[in-house]
Amino acid sequence: HPVGTRARLALALLLYTGVRRSDVVKLGRHMEQNSSLHFVETKGANSHALSRKKQASPKHRVIPVLPELRAVIDATPSGQPVYLVSAIGRPFKETSFGNWFRDRCNEAGLKHCSAHGLRKAGAKIAAENGATSHQLMALYGWEKLEQAELYTRQANKTLLAAGAMHLIVSREKNT
């Protein structure tokens, strides 16, 4: 595939699924069921951290495939079980994908962008569009409310103010 087509697919997968790079390289048609992606999150799945009393249970995720993502996936066939493949047609490793994506961002003049940055951007966009903290937790697989609240607190204050401005005027004047 031309680099631009693979880069567009990578961008769409990262933005429209909100998964980490460790998971984006594993996503593929084999995970699709009823217009959703079903998979077990990589992060923490095999954690044996000393500070934990018990091993973390794997996080089973179900992410609906948005029409925007479906269109990009369908326009980028790989012939592999996974969506993202390297220039030689093989699935990316997590690290090589991160480096490859960083190079594509740099080539596009977007030196401030990264795979993780798209995850953060998606969370910010969802919060600005009205996602609640609990919805963000479900979307991004977060277990702590504080993580989601970081984005809802940072939601575009201009949009929030515009939506609430009418509340300053008494009810009698609003009717």
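The values are calculated or read from the model by the stated rules, or taken from the named source; none is laboratory data. Values in this document were obtained by computation on a predicted structure and should not be read as measured data. Here Cβ is always computed from backbone atoms with ideal geometry, including for glycine, and neighbour counts include all displayed protein chains. The protein model used for the area step is the full one, side chains on, heavy atoms only, and it has no ligands, DNA or RNA in it. Shrake-Rupley method; radii C 1.70, N 1.55, O 1.52, S 1.80 Å.
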### Summary
Residues of segment 122-147 being open to solvent by less than 40 Å² (accessible area, probe 1.4 Å) and part of a helix (DSSP H, G or I), in sequence order, are G122, A123, A126, A127, S133, L136, M137, Y140
### Given (1) over 12 Å from A7 (Cβ atoms); (2) in contact (Cβ under 8 Å) with a residue 60 or more places away in the chain; (3) of a type in the set (A, V, I, L, M, F, W, C); (4) in contact with a strand residue (DSSP E or B) (Cβ under 8 Å, 6 or more places away or on another chain), number of the condition L84 does not satisfy
(1)
### Message
Please verify whether T158 is among the hydroxyl-bearing types (S, T, Y) and touching a His at 6+ places or on another chain (Cβ under 7 Å), treating the condition exactly as stated.
### Response
no
### Query
Which of the residues spanning segment 83-100 are assigned to a helix (DSSP H, G or I) and of a type in the set (F, W, Y)?
F97, W100
### Query
So P77 clears everything in (1) open to solvent by 60 Å² or more (accessible area, probe 1.4 Å); (2) under 21 Å from Y16 (Cα atoms); (3) of a type outside the set (V, I, T); (4) within 19 Å of the chain's Cα centre (by Cα) except one condition, right? Which one?
(4)
### Task
Could you list all residues from segment 1-44 that are open to solvent by less than 60 Å² (accessible area, probe 1.4 Å), in a helix (DSSP H, G or I) and not β-branched (V, I, T)?
G4, R6, A7, L9, A10, A12, L13, L14, L15, S22, D23, M31
### Task
Could you please let me know if L159 is touching a residue at least 12 places away in the same chain (Cβ under 8 Å), closer than 18 Å to D23 by Cβ, in a helix (DSSP H, G or I) and not small (G, A, S)?
no
